[in-house]
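Okay, structure first, notes after.
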Amino acid sequence: MFETVRDSIFSALFLAAILRVTTPILLPSLGALISDRAGVINIGLEGMMLGAAFTGAVVSAFAAPVVGVELAPWVGLLSACGISVSMALLLGLFHLRFKGDLILSGVAMNVLGSAATVAILYELTGNRGDSGDLASLQMPFIQLPAFINDIPLIGGFLYTVFNNQSVMTWIAFFSIFAVWFILYRTPFGMHLRASGENPSAAESVGIRVTRVRYAALALSGLFAGFGGVHLSMGYLSLFQRDMTSGRGFIALATPLLGGNNPVGTGIASLVFGFFDALAIRIGSLQLPSMLPQMIPYIAVVMALVIYALQTRQLLRVRALRSVEGIHFDVSYWRVVSRLSVLHVLMAMIAVIGIIITISLFSAPDGFGGAAVAYPIGAIIGIASALLIVINIPFISRVERLTAQGMWSAAASTLSLTVYFGLFLSLFFDTIPAVLIAVVLAFAVWLVLGGWRMLRGSSPTAAPA
Amino acid sequence: MTSTPRRTPPSAPAARLIAPLLAAVFAIGVTFFITYRIFGGETLDAVMQAINDRQTEANDFAAILFINALVGISVALFIVQLRRIALRVTITVVVALIFGFIMTTVFNLDSANRYIRGEFRVSVVTEAEVIEDEAADMEYGQARGDDFNRQGVLNPISEAAYTFAGRQGDLINVLAYAANRRSEVDLQVELIAPDGTSIGASNFATDEQVEQFDDLQSVNDAIIQGITLPADGLYTIHVRPQDLQTGTILSEALTNTRGAYEAFLLGAISRVNRWAVWIQDALTLILVGLAISIVFRARQFSLGAEGQLYFGALVSGVIALSGGALPGWIIIPVALVAAMTAGFLWGLLPGILKAYLNANELVSTLMLNTIAVRFYELVLTFQLQPPEAGYTASSDYPLSGQLPVLVANTQVTIAVFIVIIAVIAVWLLITRTPLGYEIRTAGSNLKFANYGGINTKRTIMLSLAVSGIVAGLAGAHLGMGIHRMLILNISLGLAFEGVVVALLARNNPLVIPFTGLLYAYLRSGAQFMERDANISFEIVRIIQAVIILLITAEALLAFVQSRRKLTTPAEPSTPTTTMESPRLIIESSAGEKKNV
């Protein structure tokens, strides 16, 4: 049982699955990033994705007899993006022109996207669940040239990962660089960022903030449209009601986690894609399906917390820097903040343990009855609580890391050992697993700069 | 409420009297109109008869009248509290309804299609001898047919032709008719002689012909009666539906839409049981609206009410199901308090995240909602569902775990009183307690609140948590009052509905009963519209989106106006417009600069 999951996680196929499920998160995330940088956060991504997903599926079905099966998906894509962009412009109109509240107008867009798609679907097919009656088409899949498979060592792996991916997946990952180019290498991107940072200043130097924001919203609608099309025409060929299931909202969190730049957003999306794919894989275990389904959402909440804590520590360190001035040891504090993030991460993973415990105690019948569930739940719960307790002191005050370095070292290696040990016990017997875990944990701690921290700050080392 | 004084003209005591007077008139009018409609809406005698029947049958006319009086009071409160804004709210709703009407008409544009769609039959009725011919499609006395413009077919047919062998001098009748009663296809038929000339055509049947021929069912069928065939040979019958006129399409669409809107706008007060659907839905919506209004007052865009509601339903459900032999007056209060606690705790979580970690409350509450729903499903599927149940639901609550019913055979329960208490409690909380003052101040100007010595972090955290109390109560009402068991999808996006309710009421707890009733009226009306007129329920959610868009845009209009009038020192709290994001303030001031 565990073996199948383990084997499937460590395979090229799993990586391919990650790319596949990352696509519908990454595309709207890029949209969220653009609108965020322009200072008009697009809450309506979810509704725009739904509108596009629906339009793509329907138009491709109706266009197929007219323009042929080859061209119809592209017609669908075009009209889908038309819909999502016009929804974004409508949002812009209400916010920028009629001075409506941006967030609530975005909420209205989501309601509109969800309701209008179902209503029209019901009108068209008499079915309010999905568009299975329509002969919708799929976006084409990209086949790699066969010679890649023949490259020694990595060829087969690369081929499995990248072959037969939807064209939308390729568009998504190329979009990272397109967005990067737009934001940092074009005048428009410059104006866009300026409008977000300080609209009054931008206005005063002649940037037409309103127009830039319209464009930013339209772009974010475009990416939401791509994401929606991937949902209904990427691997499925039908529209299901509310098929985005919160991806538009997850997309609002990824740019935050990715440091508000395209590459970081891409990486953050991959993390969520990983959790999404993991949830699908864990589904094959004899577990209630609801538990893995929670994972991506828990990951988002944790990401928000990690981002917030990181920002707070950054501010503390920055304050310290301005106090210490020239004596500030940059590399030392970099290590300290890195290790504090480690503590946050450790505590966060333990939160999952707490959630599992609560689930085990609330619904023991789902996990093989009270006799099995309660002891396991108790163990997981106590262990998670312990891990949280030992990590919390270093999260709440980053200075404690410097004062009690040894304790921090002990806490982080212990937590790491637990997680690595659990993971490695999938492959090895218990004792070797624990031993390897200890070594690994210590190694990770060292790599992150633990030794540097224990040596303490050397005030004269770094000229500012 | 503090929202009123700003709007009232300071002069003319007579003008001040207008609003209460109007309110009283409307309240009494609404109360009697609803009572009159739900008992038939016909002559006064018939209504009295219906009331008497109800009286003898269930003895609860008093309860119905009482609730209708409450509806009237909520209308009065709406007018007295909002005054001129009440007019604007009404206009917004009417505009949204007109938009919905147009949408519905567009959806109904295909309703005339029933005249060109459907199965049909063609037959040749004659007393002459049958001629057998391999080349012909049919022979005398036989019926052939197909399906015009069938839905979901790749290439639907829109006309058909059948041949039969004819003999010179035979007297025949050519019939084209709908194959069954459901098909309303309007046919026209033409008979072509072997030499290619048309020798007869028809697009209707007279009433006598319908009488005479059994196959014909309506005047929409077509018949060519009494044709004498001019020559031997293969004759062709052309049959196709009558062309639709634009006028027909439009008038059909409008007729259907009018019918649908009648069900939409009057369906909820056409019978007592439909009225009950409206009232019970309104009770839930009022609670959710109250919950949302608290967080909106603190200018937190939290949509956590959904998750809190699920937890409230779950916790109260577990207690109601496990209550066993305990009497209702113990179980119900315990379950309600537990639901409130669960909502509070589930609201505390995003509260802490927002206040102390500055995590975006919209994203975090939406994620927590999904987690709550999954958790609810987990417990429901594996713990509460009885093994023999065919679908995912708990067993029925024991009688002691159900809220006592006020109106017999409906789900209108003592939740009415719970809602009244909740409305008053939230009103007291917002206007008469230190926490309410802090919430209002933090909501209108966070910096000011901070400088004024308010612990804004604690205030924000508590605003989300306290809102959870009310949302938890809504969940308990869904479980113990309406469904009387726990089901999957016990709430589908009620938090969004709560947004509309709160926004329409300008986050004023005393107005929320009215807006909750109004919105529930539309929601239940949409259900009846779907049932009676086959128009998707989702139309009401489209109207909902339009209302949100219009009402927020309008709220900002008021805000801009109030900023222009900076000559009068405004109160720090401007409760009617608590929804603007800080960025907009920056923007509008930038705009002013440009004007200078």
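The values are calculated or read from the model by the stated rules, or taken from the named source; none is laboratory data. What you see is a predicted model; the values in this text were computed from it and never measured. Here Cβ is always computed from backbone atoms with ideal geometry, including for glycine, and neighbour counts include all displayed protein chains. Ligands, DNA and RNA are excluded from the accessible area calculation, which covers all protein heavy atoms including side chains. Shrake-Rupley method; radii C 1.70, N 1.55, O 1.52, S 1.80 Å.
Descriptive notes on the structure:
- A:LEU13-B:SER198 pseudo-label distance in nm [points 7 Å out on the Cα-to-Cβ vector]: 6.5
- Where A:VAL389, A:VAL85, A:VAL335 fall by accessible area, highest first, once all protein chains stay in place (1.4 Å): A:VAL389, A:VAL85, A:VAL335
- 10 Å Cβ neighbours from other chains, averaged over peptide B:494-503: 2
- Region B:40-82 and region A:377-408 have Cα centres lying 63 Å from one another.
- Ligands, DNA and RNA left out, the accessible area of region B:226-381 computed with a 1.4 Å probe is 64% carbon and sulfur.
- Heavy-atom accessible surface of chain A: percent carbon and sulfur, 1.4 Å: 71
- Shown in residue order for region A:251-259 are the 3J(HN,Hα) couplings computed by the Karplus curve 6.51 cos²θ - 1.76 cosθ + 1.60 at θ = phi - 60°: 4, 6, 8, 4, x, 4, 5, x, x Hz (x for Gly and Pro).
- The alpha carbon centroids of region B:280-342 and region A:231-274 are separated by 32 Å.
- Per residue value of the accessible surface for the protein assembly as shown (all protein chains in place, 1.4 Å probe), Å²: 43
- Other protein chain Cβ atoms within 10 Å, averaged over every residue that makes up A:199-205: 3
- Buried accessible area, chains B and A (both chains, 1.4 Å probe, Å² to nearest 100): 5000
- The value of relative contact order for chain B, using C-alpha pairs under 8 Å at least six residues apart, is 17 percent.
- Principal-axis tilt of helix A:330-362 within chain A, Cα atoms, nearest 10 degrees: 70
- Relative contact order, percent, chain A [alpha-carbon distance under 8 Å, six or more residues apart]: 21
- Annotation for region B:130-202 versus region B:393-446: alpha-carbon center distance of 67 Å.
- Shielding by other protein chains, A:358-368, mean Cβ within 10 Å: 4
- Solvent-accessible area of B:TYR356 with every protein chain in place, 1.4 Å probe, in Å² to the nearest 10: 90
- Protein-only accessible surface order, largest first, of B:GLU538, B:GLU57, A:GLU399 at 1.4 Å: B:GLU57, A:GLU399, B:GLU538
- The C-alpha atoms of chain B define a longest principal axis, and helix B:415-432 lies at about 40 degrees to it.
- Against the criterion of solvent-accessible heavy-atom surface with a 1.4 angstrom probe, A:HIS191, A:HIS95 sort, most first, into A:HIS191, A:HIS95.
- MRE, 222 nm, helices only [DSSP H, n ≥ 4, -39500 (n - 2.57), over chain A, to nearest 500]: -25500 deg cm²/dmol
- Taking the longest Cα principal axis of chain B as reference, the axis of helix B:361-379 is set at about 70 degrees.
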